[in-house]
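Have a look at the structure below before the remarks.
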Amino acid sequence: MIPKPFEYHSPQSLGDAVAMLQQYGDEAKLLAGGHSLLPMMKLRFAMPSHLIDLNRIPDLAGVSESGNEIRIGAMTTENQLIWSELLQRKLPLLVEAARLIADPQVRYRGTIGGDIAHGDPGNDHPALMLTLDASFVLAGANGERVVPASEFFLGTYYTAMNPDEIMTQIRIPVPPQGTGWCYAKLKRKTGDFAAAAAAVLLQMKGDTCTGVAIGLTNLGPTALRASDAEAALTGQPLTADAIEAAAQKVMAICEPAADLRGDETYKTAMAGEMFRKAIRTAMERCTR
Amino acid sequence: MDTVADQTERLGKLEGMGCSRKRREDPRFIQGKGNYVDDIKMPGMLFGVMVRSPYAHARIKKIDTSKAKAHPGVYAVLTAEDLKPLKLHWMPTLAGDVQAVLADEKVSFQNQEVAFVVAEDRYVAADAAELVEVEYEPLPVVIDPFKALAPDAPVIRDDLQGKDTGSHGARKHHNHIFNWEVGDRDKTERVFADAEVTVKQDMLYPRVHPCPLETCGCVASFDKIRGDLTVYITSQAPHVVRTVVGLLSTIPESKIRIISPDIGGGFGNKVGVYPGYVAAIVASIVLGRPVKWIESRQENLTTTAFARDYHMTGELAADKDGRIKALRVKVIADHGAFDACADPTKYPAGLFHVCTGSYDIPNAFVSVDGVYTNKFPGGVAYRCSFRVTEAVYLVERMIDTLALKLGIDRAEIRKRNFIRKDQFPYATPLGLEYDSGDYAPALDKVLAAMDYQGLLAEQAKKRADPDSPTLMGIGICTFTEIVGAGPSKNCDILGIGMFDSCEIRVHPDGSAIARMGTITQGQGHQTTYAQIIATETGIPASMIHTEEGDTATAPYGLGTYGSRSTPVAGAAVANASRKIREKARQIAAHLLEVAPDDLEFDLDQFRVKGVPGKAKSMKEIAWAAYNNVPPGMEHGLEAVDYYDPPNFTFPFGAYMCVLDIDRHTGETQVRRFYALDDCGTRINPMIIEGQIHGGLTEGFAVAMGQQMPYDDEGNVMGSTLMDYFVPTSMETPKWETDFTVTPSPHHPIGAKGVAESPHVGSIPCFTSAVVDAFSHLGVTHMNMPHSSYRVWQQCQALGIAN
Ligand SMILES: Cc1cc2nc3c(=O)[nH]c(=O)nc-3n(C[C@H](O)[C@H](O)[C@H](O)COP(=O)(O)OP(=O)(O)OC[C@H]3O[C@@H](n4cnc5c(N)ncnc54)[C@H](O)[C@@H]3O)c2cc1C
């Protein structure tokens, strides 16, 4: 419960932080909210010699709109997401999901950037980012690059980010007017990660699905996008049979790891269940 | 004078028994001004950390402490080798076994204590602990107690090889600890052979952990000059700790001071003596400096005192009308690697023999076998009296099973078997004598409050609808608890009778200080003991200071667990108060120049019978006790009482739970939970309600989620609060409480003890409800915990999950 000794740094600018990352290389870790990193350090699973705190760097937090895009600073906390009026209006999916993350204490400090950068398939934001077609702004020594979420999550705790890069911003296209949404998450208790969770964004005309995005949390080595299920639904009337067929396609791509939340069979079944719940709710929320 | 209003005002000022006086302890806790062991800081204090075994079973080939010792800031690294010359590498347990303080040649459970690193602070100690190099040779692991009894099972306790008797009689296998039998075996067999109906059910009460918010810890400080030892410790039984430390260290008890400061919950986890305490004390003696040791959460959850782990088989014999004729029980009790249960010496299975419950069962026989496995030791009473949760769970599950088999309503079958009011005091077939009870009216009150018939009708409708997404379950539990250990003729710990004590001193100004041998850990003793004294002596509760937990000042007592504080120490409080009142009567008579018999006690004064206005208040009497006592009387106004109860007390209750299960996810929603408790005389209704809420919440935790699972290699799974279920307010159902009052006839104020009943009673009630949700589909029992995952597996097995 006591981390290995480390050096603490508190850079005042992004440039300084990047320079420090370059200087200390593998020995360094960025510190955002600390709610994934510090537990790992206390268990001595992570033993960085240098901790570079991003909290003093200006302008890394906040939610704004730019054209048809929402821009969220990487250091924006879950609590700030929840209370952002802009998000409540334009990306209610993100607000609904953030409310289901951890507990109030964690949500006051934990950041969206940290949640994504950690690369933990148990975290909720990765699946949301896939569902929302987000992209990430990564700042490094050679300037910025923008990586789409679909190319970012490579494996458990393994992302497309280079060790000397810092995520500065999350960019999300605003879904069309009338889009239905839902994040359905099954957990054992407050403060638990998902046993299974499904995110759905849905557009409909009459009874027909004109567009759908489906993301899955904690059901594989990375967050998943259920493209087969999406393809099966798009252009189809959303009948009970169509939803069931899609649920089967959702479950087909699940490769959950067994743990005390349940075995593979249970988690896969729950993926189907969370998807059914999410798409039904999204349908109700659609303006057709 | 003497108007109703005047009486009411004086009664209000007194804040005696029966009023919901606010808790005296809360202002300091709410303001963060509590003083817990980890708040204790002493000059020159060092910090100790345990090096623990990653293996569940392994031989220790070599321990190299040189790197750790060389680490800057390290003062000592202790291993069994260092403790051997002091004969402290092993210590006696409260159950008559021995436990390794630091592993002696082998480890027998994961996270067992191997070495103790003492350094200038906890950070240095943690770093140095990593530098201790231990070479292990892994041995085969046995986790299942049934497999542990196989002829070729690995030997867990090499130190016991060749010993075929333990402290509780014969051992029939190298991993066997004891067999304990009670009841009439032959007669019970005969009744079973002739029975019209029999039922049999296997059930596991899983291994759980009390998980108090504050983990265990101590600060040991040996003063080399004065030769005395002070230990601040998270102990539910500080006096017992003093005696144990005295026995181990050979320091006279007069030179040992044990202080339990504020305790952040105990629930049985803080009764025993742990290796960390011994190591810290030895280190302090060796180094001549105070040494602090505080468990991490993981250490607490995986090394200090688990509870339960009872594999039980129950059988009932009955007639066709559901009248029970006999109960037969077989238990395989998994005690882990060392037998460190905290039970009265005579009872290796605690008070499990209360398992005939609230029912008039004429014949019974119980057999319990204790078994060693490669798990951490314990077997403590987690918010219950010794093994009572297990006993009540068993009988409540069995009567439900019998009801199902016979198609008799579960409330009705209970009523048919209840011990009637006129049968008390009631002798059970297993040798207990229940003091008082009135079971049927309690159950009727609950059935009416919950509209039981309405619930049954709703359930029938749901069951008839194949499309219903939820399954509805109704749980019933009518339990009898046994608390207040206990009569010293039956109950002792390490040979010390389980009496308890109180000492009261009334000061000249009429205020008082009272000290007891118990120790509060959330029960609110400071508040409630003062209420007893107030009613009994007439001194307002607000003028009474109560103090516990410091062996230098408090009278010897056996501590607080098993709901024994009110039944035992509370009786001592009442008796000591009465001694004071009697002396006060003599003084008042002297002051009023009348005979003592001419006086009557009236709330806060003695007054002359039939002479209005002629009275002396307790305040006046207290003053006189220091300057104007009757000739021949000693000055002062104080009393001591050591109370040895004539019997246990037997609180009871009737609980009902209604829940809905989502058959697609296995999630359970508790719709209503109604708890009626009868704890005899009620001292503070608000505190009772708080205790009941807490007990129900911990019962909910155990029933719905708590479990300490192991994998085949003996790794403890789920050793953090991410996996170990401690419900927050979000998960906790809304509780509805109710009561009846059936005083204990043998207790001075008729009180029985309450804080554990809700834990004991709610757990089988939840199982009853969950099983009931499936009972129309042929399910008779489901083992805890009733987590969504496990409930869903039941749905899946029945083909109703999709
Ligand atoms: C009890 C508990 C329950 C939880 N439950 C959930 C849950 O249900 N769902 C969920 O999604 N999460 C959950 N979490 C995780 C929580 O949301 C974390 O806050 C989050 O995963 C990490 O964000 P952080 O800001 O705390 O990052 P940190 O812990 O500070 O960092 C995490 C990792 O990301 C890196 N990092 C951080 N910021 C950046 C950046 N801007 N650029 C590059 N790298 C960066 C760090 O170096 C580190 O490796 C839980 C945590 C706890 C303690």
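Data for the structure
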read-out	value
Greater than 24 Å apart at Cα, pairs in A:Lys185/B:Lys461; B:Lys87/B:Lys163; B:Lys325/B:Lys405	A:Lys185/B:Lys461
Eligible lysines near B:Lys67 by straight Cα distance, threshold 25 Å, same-chain separation 8 or greater	A:Lys4, A:Lys42, B:Lys84, B:Lys106, B:Lys292
Entries in B:Lys375/B:Lys734; A:Lys189/B:Lys734; B:Lys200/B:Lys421 that, when Cα-Cα distance is taken, lie over 25 Å	B:Lys375/B:Lys734; B:Lys200/B:Lys421
Assigned charges on the beta-carbon of Lys, Arg, Asp, Glu; the protein assembly as shown dipole about Cα centre (debye)	740
Per-q log10 I(q)/I(0), region A:180-285, q = 0.24 Å⁻¹ (Debye; single scatterer per alpha-carbon; no solvent)	-1.24
Rg(Cα) / (2.2 N^0.38 Å) computed for chain A, rounded to two decimals	1.00
Relative contact order computed over region A:180-285 (Cα-Cα under 8 Å; 6+ residues apart), in percent	32
Karplus-derived HN-Hα couplings along region B:556-570 (A = 6.51, B = -1.76, C = 1.60, θ = phi - 60°), whole Hz, x at Gly and Pro	4, x, 8, x, 10, 5, x, 6, 9, 5, 5, x, 9, 5, x
Shielding by partners, peptide B:472-484 (average Cβ within 10 angstrom, other chains)	0
Mean separation of Cα contacts under 8 Å (6+ apart) over length of region A:90-231, as relative contact order %	27
Along each principal axis, Cα extent of region A:64-173, largest first, Å	34, 31, 22
Convex hull volume of chain B per residue (C-alpha atoms, cubic angstrom)	177
Reach of B:Lys583 by Cα under 26 Å, taken over lysines that are not fewer than 8 positions away in the same chain	B:Lys13, B:Lys609, B:Lys614, B:Lys616, B:Lys619
About the Cα centre, charge dipole magnitude for region A:7-53 (Lys/Arg +1, Asp/Glu -1 at Cβ), debye	240
Listed residue pairs exceeding 27 Å between alpha carbons, taken from B:Lys489/B:Lys579; A:Lys187/B:Lys330; A:Lys187/B:Lys147; B:Lys62/B:Lys147; B:Lys33/B:Lys270	A:Lys187/B:Lys330; A:Lys187/B:Lys147; B:Lys62/B:Lys147
Shielding by partners - mean other protein chain Cβ count within 10 Å, residues of B:29-40	0
Whether region A:1-98 is rounded, prolate or oblate, judged on the alpha carbon gyration tensor where a/c under 1.5 counts as rounded	oblate
Fully extended contour minus Cα-Cα distance, from B:Arg297 to B:Ser66, at 0.36 nm per residue	80.3 nm
Cα pair count fraction exceeding 20 Å, expressed as % - region B:512-571	19
Complex-versus-alone comparison for region A:1-44, residues with a loss of 20 Å² or more in accessible area, probe 1.4 Å	A:Met1, A:Ile2, A:Pro5, A:Leu43, A:Arg44
Positive-pole candidate from B:Phe499, B:Phe267, B:Ala703, dipole of the protein assembly as shown, charges at beta carbon	B:Phe499
Region B:604-646: GluC sites (Glu not before Pro) in DSSP loop, at most 16 other beta carbons within 10 Å	B:Glu634
Debye, to nearest 20: dipole size of region B:696-802, +1 on Lys, Arg Cβ, -1 on Asp, Glu Cβ	300
For q = 0.13, 0.15, 0.21 Å⁻¹, Debye-computed log10 I/I(0) when each Cα of region B:475-566 counts as one equal scatterer	-0.51, -0.64, -1.03
Span from the region B:620-681 Cα centroid across to the region A:189-231 one, whole angstrom	53
Rh by Kirkwood over Cα pairs, then Stokes-Einstein D for the protein assembly as shown at 0.692 mPa s and 37 °C, µm²/s	102
Protection proxy ranking of B:396-402, A:276-282 - average other beta-carbon atoms within 10 Å, highest first	B:396-402, A:276-282
Proximal aspartates and glutamates relative to B:Lys445, as straight alpha-carbon distance under 16 Å, when same-chain residues fewer than 8 apart are discounted	B:Glu412, B:Asp677, B:Asp678, B:Glu736, B:Asp738
Chain B - percent relative contact order, Cα under 8 Å, separation 6 or more	15
Positive-pole candidate from A:Leu37, A:Tyr24, A:Leu51, dipole of region A:7-53, charges at beta carbon	A:Leu37
Surface accessible to a 1.4 Å probe, per residue, for the residues of chain B, Å²	35
Three-way shape call for region B:103-257 based on the alpha-carbon gyration tensor, with the a/c threshold at 1.5	prolate
On Cα atoms only, tilt of A:14-24 relative to the major axis of chain A in degrees	70
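The values are calculated or read from the model by the stated rules, or taken from the named source; none is laboratory data. If you're wondering where the values come from, they're calculated on a predicted model, not measured in any experiment. FYI the Cβ positions are ideal-geometry reconstructions off the backbone, even for glycines, and counts take in every protein chain you see. For accessibility, only protein heavy atoms count, side chains too; no ligands or nucleic acids. Shrake-Rupley method; radii C 1.70, N 1.55, O 1.52, S 1.80 Å.
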